[in-house]
1. If I model a spin label as a point 7 Å beyond the Cα along the Cα-Cβ vector, how far apart are those points for A:Val41 and B:Asp208 in nm?
2. Principal axis extents for the range B:380-445, Cα atoms only, whole Å, descending order, please.
3. Simple spin-label model, 7 Å along Cα-to-Cβ: A:Ala69 to B:Asp356 in nm?
4. Of B:Leu416, B:Pro261, B:Ile301, which is farthest on the positive side of the dipole of the protein assembly as shown, counting Cα position, with +1 on Lys and Arg Cβ, -1 on Asp and Glu Cβ, and the Cα centre as origin?
5. Where does the charge balance sit around B:Phe50 when Lys and Arg score +1, Asp and Glu -1, over other residues with C-beta under 12 Å from its C-beta?
6. When chain B is treated as a GNM, springs tying every alpha-carbon pair under 10 Å, which of B:Ala385, B:Ala435, B:Ala359 comes out with the largest mean-square fluctuation?
7. Using Cα-only point scatterers and the Debye equation, what is log10 of I(q)/I(0) for chain B at each q in 0.14 Å⁻¹, rounded to two decimals?
8. Place a +1 charge on the Cβ of each Lys and Arg in the range B:90-224 and a -1 charge on the Cβ of each Asp and Glu, then give the dipole magnitude about the Cα centre in debye, rounded to the nearest 20.
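Just so it is clear, none of the values below were taken in a lab; they were calculated from the coordinates. Since the structure is predicted, the reported quantities are computational estimates derived from the model, not experimental observations. So basically every Cβ, Gly included, is an ideal-geometry build from the backbone, and we count neighbours across all protein chains shown.
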Amino acid sequence: MKFTSKAILLVAAVALGACTNANRFDGDDTVVMNGTGAGDVSNPQSPAYFQQAVGDRVLFEVDQSSLTASAKQTLDAQARWLQDNRDFDAIIEGHADEQGTREYNLALGARRANAVHEYLVSRGVAPSRLEVVSYGKERPIEICSEESCYAKNRRAVTVISAGVTS
Amino acid sequence: MMAGFMTLFAALTAVILAVAGPAEAQERGPLRIEITEGVIEPMPVAVPDFVAQGGAAREWASRIARVVADDLTGTGLFREIPSAAFISPITSFSSPVQFADWKAINAQALISGAVEVEGDGKLVVKFRLYDVFAGQELGDGLRFSGTTEGWRRMAHKVADAVYSRITGEGPYFDSRVAFVAETGPKDARRKRLAIMDYDGANVQYLTDGNSIVLAPRFSPDGQSVLFTSYRSGFPRIYLLNTNSLQSRALEEQPGSMSFAPRFAPDGRTVVYSMTRGGNTDIYTLNIETAETRRLTSSPSIETAPSFSPDGNRIVFESDRSGSQQLYVMPVGGGVPERISFGQGRYGTPVWSPRGDLVAFTKQSKGRFHIGVMRLDGSEERLLTASFLDEGPTWSPNGRVIMFTRETQGAGGQASLYSVDITGRNLKRVRTDTGASDPSWSPLLK
């Protein structure tokens, strides 16, 4: 999958909560389809199912990019889903909390996204189906300046997109 | 409108006025402020409205004097004497100054000026600076001419001349700042590139806010800015001409992200960070040939590079020791030398235009600071402290630092602040929206 490919992002409108909007934030090539595109969460082949039943995100400790045991469990399930649903590709977004300088957090988010990328590949997902991007501290989902919010912002989110070849 | 902006100003010219009488410019007159670390008493200065020579000039005469006074008092080094205290108004630019009347109200410096609109619509601004207690002129009178749209620049030029003569420092008021204008809540923030006068006036927006943009950096000629944009869906570095608003991607290698660009003094070389396989290193790129060169290869994060003014060295941050610290390396490569050793994390180093100091962001005990240190790491001084201060940029004369301050909590907002390198005169820079990532231009030509 090339960076220039016209990825159609399928985004679940069925939100887990007010702050769990997992759509991508940028990109002229991106068509965000709210609503029907992500499919029915009860359909195990749907991106909505991936997002909500499999779990689309893993969390990190402060200034860390190593995967916790529970993160690995989530990623094992993500890898199985991706293996079972080869029509889809994924973009892994790395994020940081606001405690850090902008450039460093971009690099830290990249480390986190890459940790997920490497793990999924080690579980058999073809690297050609995965892309990584870091948002640093630019896109928090929780906005308080306390650890309860920071913990949710230190994340890597696997965003399902329609495969180029599909 | 924007396209003509800088061109109009190219017409701005300065001419030394013929000096009436034998007064000579003094090398070191008694009217002098030494900028030191100590607390100083601001120098009392009188800035009467400039004399309007002809009716068309009336609209500018007072406004120009106000900008001159704001520039000077904004430094914290001057205090303006209110016009209500004036004993003898200045009604003519050429008449002798009644020094006794200004001495009586303790005006140590007096700026007298005149404004005229010439037949072709050109605005002409003249001024003289007087050392009241010595009873003589300090330096030569100057005459600036340009378009009426450029009236604030002419005011800044007058203030720059006054500031430089009295402090002995280089000028900095006639300059601009590129920054990121921010609107919207923290979890859906819109960011647009913008550019404004150093004091927050004349804001112009350069991008539309559809993509995240970060950290604009001026070229050495002040005509273009480097920045990072998510336009492609991925962070990449772009070069934008501030006159034509044309921009182009500089680095588009698939599978990579690029950010933190900054020009070398040559105006052709760009140093930046590129991330590949989760690892961030420092590269240079020639904007004419697109030739790239890798300067660091280490599994740690290397970012926020900044050139020395002579172009021979680069200061940057790396977490190779386990936490963010500052390092200096020769441009040709070679072993980086660590320069920061205090407690806490150090990032975003920026080499001062004078070459003597590096400004940085420091994180320590849950607080953020803007600080300066010498290039060997000695004489570290923290200038600010808050929930989140970051991203310093230097004034053209290396005396003032502007930076981003972000407030805490769900309603947190970013704004720009400036502080002297002595740690004095911390103040907010006026902007209509939230603002972050300032980049101070060189002095305008």
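1. Going by the 7 Å Cα→Cβ label model, 3.5 nm.
2. Extents along the principal axes: 41, 30, 17 Å.
3. In this crude label model, A:Ala69 to B:Asp356 measures out at 5.8 nm.
4. The residue sitting farthest along the positive end of the dipole is B:Ile301.
5. For residues surrounding B:Phe50, the net value is +2.
6. Evaluated over chain B, the most mobile residue of the options is B:Ala385.
7. Relative scattering, expressed as log10 I(q)/I(0), comes to -1.29.
8. Using Cβ point charges on Lys, Arg, Asp and Glu, the range B:90-224 gives about 420 debye.
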